[in-house]
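The values are calculated or read from the model by the stated rules, or taken from the named source; none is laboratory data. Every value quoted in this text rests on a predicted model; they were computed, and no experiment measured them. A quick note on method: Cβ atoms are made from the backbone with ideal geometry, for glycine too, and the neighbour counts reach across all protein chains shown.
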Amino acid sequence: MGKYDAIVVGSGPNGLAAGITLQRSGLSTLIIEGSDSIGGGLRTKELTLNGFKHDVCSAIHPMAIASPFFKSLPLMDYGLEFTHATYPLSHPMDNNPTVTLYDDLKKTIDCLEGKDGQNFGRLVEKIIDHWEDYAEAILAPLTFRSNFLKYSGFGLDAIQPATWTAKRFSNLRTKALWAGLAAHSIQPLSNFGTSAIAIILSAIASKSGWPIPVGGSKSIADAMVNYFKHLGGEIQTDIWIEDVNDLPNHKLLFLDLTPRQILRIKGLNFSIGYQSRLKNFRYGMGIFKMDWALSEKTPFKDNSCNQSATVHLGNTFEEIVANEYNTFRGKKVEKPFVLFSQQSTFDKTRAPADRHIGWAYCHVPHGSEIDYSEEIENQIERFAPGFKDTILARHIMRPKELEEYNPNYVGGDINGGIMDLRQLVARPVLGSKPYRTSLKNVYICSSSTPPGGGVHGMCGFHAAICALQDHLGFE
């Protein structure tokens, strides 16, 4: 087979997942990373002041313990530890009580009250009760031959635009909660399929919570690397691959890259038709990311926000829907939907004694160069008066800086391409095995393949299984 049975280019969670799957199937595997550190979106650095550990990209990890792939790994034996906030999520509002997503569906239903609670429960309870079965279908290629259609109840709800599903609710608080959850799709909430992420995140909150990795998101990557090396895998860093002919001898090649980066690599002689499809792959909204070193905890007006892993700052359903739509259309908004996290409240390793960190981002037009610092801090101040007075230092990343940090974040798109209905079905191409390329030994294993963005490892896992089936007869 050559020096290596398989080479994986890119060490994000999906690249690591592919490497682990291949190595534990008996294939000698090398992972090559362009940066000087592994992890992709799983990195933690002192971005502001010494001793303040900030997650550079992902921070809260619902999928990291809910994903079938991650559940199959003994990562706790390799240094990974999670902690949990009191509540997964809170959503404060200007003129209404804060609405909270609990780690117990019954409590969430009671919080939402009346028919709203009942309707919310109907959307998510079947997923909670049979998560293991649903996860196998949801976190896989979306095809008519897949198990997805066995769960048509979920499919019919999930495919709806979040704006349609919201019509089931009459209370402003329920609608606001729903909009914030659906906005994790990073696209207009009037798009088909935007209800899916809201249902899934709500179900996982009750099933296993929204955990925080102790020590930072890099702890997940470190544990995966430790396990991969224990299996006999090799990793090389600080090597950018510009020509496939520069790689060591290998039989199989896996690319934890998006189509744009793949097309830049010389020597990948894809068919003209396949190249055309990769060129037509579309990217979505970017993000503007901020981190803060703080003198104290963020002073939210509502105590439930102080006890939540994530706080959605967007006020009403109408405000979030309008701002996400306008952002997608390329407009700057004054009150963006902000996703805020306060890891140091629940993980004391993140900041010096009596100090804290803040982490937040908002969606911005693709590739935007506009500074959203003031808008983000104003949104936090809106619900946590005095926040600005606690700031010791700040760090910002525009879409440009995000793409420089990780070239997969094209234009600041952290999902590896827009996840609208078209690119859920054809990601990056239409077919039951979208991980295959037109070259029989080359596979794509990034979030530009199903099931898309998020720290779940399933893109890498499915790509590796596809190759094992193609070349070694695995079932």
L421 passes all but one of (1) within 23 Å of the chain's Cα centre (by Cα); (2) modelled with pLDDT of 95 or more; (3) at negative phi; which number fails? (2)
Within the range 448-475, which residues are modelled with pLDDT under 95, within 18 Å of A6 (Cα to Cα) and assigned to a loop (DSSP other than H, G, I, E, B)? G473, F474
Qualifying residues in the range 302-349 (those that are in contact with a Gly (Cβ under 9 Å, 6 or more places away or on another chain) and aliphatic (A, V, I, L, M)) - the one nearest to S170 (Cα to Cα): I320
Filter the range 207-218 for residues that are buried (at least 23 other Cβ atoms within 10 Å of the Cβ) and either among the aliphatic types (A, V, I, L, M) or part of a helix (DSSP H, G or I) (or both) and give the result. I212
Conditions (1) in contact with a strand residue (DSSP E or B) (Cβ under 6 Å, 6 or more places away or on another chain); (2) among the hydrophobic types (A, V, I, L, M, F, W, C); (3) modelled with pLDDT under 95; number of the one not met by A6: (3)
Could you tell me how many of the residues in the range 150-164 are buried (at least 22 other Cβ atoms within 10 Å of the Cβ) and at pLDDT 95 or above? 1
Looking only at the range 165-177, filter to residues that are farther than 15 Å from T310 by Cβ and not polar (S, T, N, Q); which one of those is surrounded by the most Cβ atoms within 10 Å (Cβ to Cβ)? K175
Y274 versus (1) surrounded by fewer than 21 Cβ atoms within 10 Å (Cβ to Cβ); (2) in contact with a helix residue (DSSP H, G or I) (Cβ under 7 Å, 6 or more places away or on another chain): which is the lone unmet condition? (2)
From the list G26, G19, G12, G34, exactly one residue is buried (at least 24 other Cβ atoms within 10 Å of the Cβ) and out of contact with any helix residue (DSSP H, G or I) (no Cβ under 8 Å at 6 or more places or on another chain). Which is it? G12
So is R282 surrounded by fewer than 21 Cβ atoms within 10 Å (Cβ to Cβ), assigned to a loop (DSSP other than H, G, I, E, B), under 25 Å from the mean Cα position of the chain (by Cα) and basic (K, R) or not? yes
Of all residues being free of Cβ contacts under 8 Å to residues at least 60 places away in the same chain and in a helix (DSSP H, G or I) in the range 326-337, which is surrounded by the most Cβ atoms within 10 Å (Cβ to Cβ)? Just the residue, please. T327
Give me the pairs, please: first residue somewhere in the range 307-325 and under 14 Å from L101 (Cα atoms), second residue anywhere and among the β-branched types (V, I, T) and surrounded by fewer than 17 Cβ atoms within 10 Å (Cβ to Cβ), beta-carbon distance under 8 Å, and either six or more positions apart or on two chains. Q307/T86; S308/T86
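Only one residue in I414, I465, I376 is over 18 Å from the mean Cα position of the chain (by Cα), of a type in the set (A, V, I, L, M, F, W, C) and closer than 28 Å to F328 by Cα. Which one?
Of I414, I465, I376, the one residue that is over 18 Å from the mean Cα position of the chain (by Cα), of a type in the set (A, V, I, L, M, F, W, C) and closer than 28 Å to F328 by Cα is I376.
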Within the range 93-119, how many residues turn out to be assigned to a helix (DSSP H, G or I) and more than 17 Å from W210 (Cβ to Cβ)? 10
Which one of these is farther than 29 Å from S219 by Cβ and modelled with pLDDT of 95 or more: K45, K53, K106, K126? K106
Those residues of the range 15-59 which are part of a loop (DSSP other than H, G, I, E, B) and hydrophobic (A, V, I, L, M, F, W, C) amount to L27, I38, L42, L47, L49, F52, V56, C57, A59
